[in-house]
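Right, one structure below, let's go through it.
Every number here is computed from the coordinates shown, using simple stated rules; none is lab data. The shown structure was predicted, so the numbers you read here are calculated from the model rather than taken from an experiment. Note that each Cβ is placed from the backbone with ideal geometry, even for glycine, and that neighbours are counted across all protein chains shown.
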């Protein structure tokens with residue numbers, strides 16, 4: 001990544017932190033909570049679908065700070081959110097173990113998909129994601145990484161590790177680290193005609209596909225679980241624990257789970273509820 005790109009990435013991060021802090025201050029004055037979540041839940045349109053029903057039921061407004069999972073967890077650690085709703089189980093469990101979250105509760109799942117050029121120059125097509133990553137590496141085919149410590153980025157790094165490969169550390173010329181959200185990274189991949197790992201929900205809602213298509217899907221390793229956690233009021237006394245818990249309780253309730261399941265694009269369901277109460 002060039003110095004200019006690093007600077008833009010840093011400035012974007014500072015802007016997001018400023019917005020999160022401002023939302024936290026605003027929510028203190030109203031019947032609202034701040035939820036730090038992933039770009040996939042926001043950019044897929046899920047929140048636009050479920051939050052009106054939540055407000056109708058509870059009267060509580062929800063302000064969303066959409067980031068990569070790692071950054072969303074950092075917002076929770078600082079106490080700049082009341083709830084964290086993300087998709088990296090190992091990181092979520094550490095967040096709770098370190099005392100920043102009260103409890104991790106599974107809410108829903110979907111899956112990751114490998115997106116790539118329709119002509120598949122790396123010959124990566126199939127149902128095995130590890131084999132696909134090896135094929136892309138051997139072919140030195142253009143690959144776009146989110147590079148933002150998101151749940152999707154964590155999954156991508158996990159697949160490279162399973163393939164015993166590490167193009168990021170090698171600074172491979174064909175490996176593009178964008179440090180951006182899912183939608184922006186998909187736009188970059190479309191412009192470059194490159195491969196990219198994406199969550200299916202954002203892919204289904206993505207319009208600028210150019211010549212990209214799904215190359216790999218259906219591998220059990222592509223399973224993508226989402227969890228929700230109340231930020232610990234013991235760590236941060238200003239956390240709106242009661243209102244935040246109402247949001248969590250609604251997500252795992254019959255109404256919340258049904259509302260999540262009803263979100264579809266082109267007749268295809270984007271998220272599948274599997275709450276554990």
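Below are the figures for this structure:
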{"read-out": "Mean separation of Cα contacts under 8 Å (6+ apart) over length of the stretch 111-222, as relative contact order %", "value": "46"}
{"read-out": "Peptide ranges 117-125, 60-68 listed from the most packed, as the mean C-beta count within 10 angstrom indicates", "value": "60-68, 117-125"}
{"read-out": "On Cα atoms only, tilt of 46-58 relative to the major axis of the chain in degrees", "value": "10"}
{"read-out": "Potential lengthening between residue 61 and residue 172 on full extension [0.36 nm per residue; Cα-Cα distance subtracted]", "value": "35.5 nm"}
{"read-out": "Residue with peak Gaussian network fluctuation, the chain [Cα springs, cutoff 10 Å], from 253, 44, 145", "value": "253"}
{"read-out": "Residue order, fewest to most beta carbons within 10 Å, for 226, 195", "value": "195, 226"}
{"read-out": "Whole-number Å³ per residue for the convex hull built on Cα positions in the stretch 199-277", "value": "153"}
{"read-out": "Ellipsoid semi-axes in whole angstrom, largest first, where each is sqrt(5λ) of the Cα gyration tensor of the stretch 111-222", "value": "17, 15, 14"}
{"read-out": "Helix-only CD estimate at 222 nm, as mean residue ellipticity for the chain, using -39500 (n - 2.57) per DSSP H run (n ≥ 4)", "value": "-13500 deg cm²/dmol"}
{"read-out": "Cα principal axis extents for the chain, largest first, Å", "value": "54, 42, 32"}
{"read-out": "DSSP-defined beta bridges in the chain - what % are antiparallel, rounded to 5", "value": "60"}
{"read-out": "Nearest 10 degrees, 0 to 90: helix 182-192 Cα axis against the chain principal axis", "value": "20"}
{"read-out": "Separation between Cα centres of the stretch 48-66 and the stretch 100-117, rounded to whole Å", "value": "20"}
{"read-out": "Share antiparallel - DSSP beta bridges, the stretch 111-222, percent rounded to 5", "value": "55"}
